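One structure below.
The values are calculated or read from the model by the stated rules, or taken from the named source; none is laboratory data. What you see is a predicted model, and the numbers here were worked out from it, not measured in a lab. Note that we place each Cβ from the backbone using ideal geometry, even for glycine, and neighbour counts take in every protein chain shown.
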């Protein structure tokens, strides 16, 4: 090649610039996708555990890169522009492909013949059911890599939607055609307190009475918290708990000072209730939650994946039947 045929520094820079303009920053795309999905910067902040200002800044940079406004900020959240709608649909595909690529790389690093299964579940489920599920599964499949995440309901959906997990425990039905749902159990929610709490002697408690109590409720605005909020709104009430904890263990610890109480499924604290350390009081009217096992509909159902789903169903039914 003669000297004249070599690409100049200017032409190299031009090629690099063209390439850069046709790429999207994955983190900015990730933040945009979840804000668009949730319809709110503040909700995305809670779900992603990232400051709202940081999320907003990344989306503004994404808009600058694309040269189009993607979101319209309103008093109630955000709405998508036409360009935003288009990018949101593509972002779902892109993020799932990225997650699938990482999974393929992880598989390549493992020994031939081994596989990995990942599951995500909210704290109450992971504390009550998952230890026995994991014990049973690893005994049956000692060579399978098992990854279990404990997260808020919103994060659990994120793990599933992005392909990071194969199975997820969710607390409400989804309208997405991509998900397959299997009902596991319908659980009544109860008011939980210590015997020394003044409310402990009540046989039942109404919504009006709950408003006068020091309640500890989940911080994330999804799952059980969403059910409780709706429960109050149906009667025209708003609930604003001073303590918002997404840890089941921390919530139980706080109850011990006899001032606070919480709303949980009985199965989440059955041992403490059986021992007399805590009491469970019925809600009037009753409040129930439905627990589902969710998976991606078009993801291959391997024997190991089917076995894990079977173990989850078996453990849940056994514990419900035993009253534990």
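Values as computed for the structure displayed
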| read-out | value |
| --- | --- |
| Residue identified as part of a helix (DSSP H, G or I), outside the structural domain of residue 157 (by TED's automatic domain parsing) and in contact (Cβ under 8 Å) with a residue 60 or more places away in the chain among 283, 227 | 227 |
| Selected residue (only one of 317, 299 is in a loop (DSSP other than H, G, I, E, B), over 20 Å from residue 202 (Cβ atoms) and assigned by TED's automatic domain parsing to the domain that holds residue 166) | 299 |
| Verdict on residue 217 being under 21 Å from the mean Cα position of the chain (by Cα) and either in contact (Cβ under 8 Å) with a residue 12 or more places away in the chain or assigned by TED's automatic domain parsing to the domain that holds residue 159 (or both) | yes |
| Residue in the stretch 58-66 that is at pLDDT 85 or above, outside any strand (DSSP E or B) and under 22 Å from residue 159 (Cα atoms) present | yes |
| Identity of the residue in the stretch 266-295, modelled with pLDDT under 90 and under 15 Å from residue 216 (Cβ atoms), that ends up farthest from the chain's Cα centre (by Cα) | 269 |
| Residue check, residue 106 more than 28 Å from residue 43 (Cα to Cα), modelled with pLDDT under 90, assigned to a loop (DSSP other than H, G, I, E, B) and not assigned by TED's automatic domain parsing to the domain that holds residue 38 | no |
| Number of the condition not met by residue 254 [criteria: (1) in contact (Cβ under 8 Å) with a residue 40 or more places away in the chain; (2) assigned by TED's automatic domain parsing to the domain that holds residue 240] | (1) |
| Residue in the stretch 194-206 that is surrounded by fewer than 20 Cβ atoms within 10 Å (Cβ to Cβ), assigned to a helix (DSSP H, G or I) and without any contact (Cβ under 8 Å) to a residue 24 or more places away in the chain present | yes |
| Extreme residue, nearest to residue 40 (Cα to Cα), among residues of the stretch 230-243 that are in contact (Cβ under 8 Å) with a residue 24 or more places away in the chain and in contact with a helix residue (DSSP H, G or I) (Cβ under 8 Å, 6 or more places away or on another chain) | 239 |
| Any hit, the stretch 258-266, residues being in the same structural domain as residue 166 (by TED's automatic domain parsing) and either in contact with a helix residue (DSSP H, G or I) (Cβ under 7 Å, 6 or more places away or on another chain) or part of a strand (DSSP E or B) (or both) | no |
| Unique match (being surrounded by 19 or more Cβ atoms within 10 Å (Cβ to Cβ) and under 23 Å from the mean Cα position of the chain (by Cα)) among 298, 246, 240 | 246 |
| Yes/no for residue 219 being in contact with a strand residue (DSSP E or B) (Cβ under 7 Å, 6 or more places away or on another chain), modelled with pLDDT of 95 or more and surrounded by fewer than 22 Cβ atoms within 10 Å (Cβ to Cβ) | no |
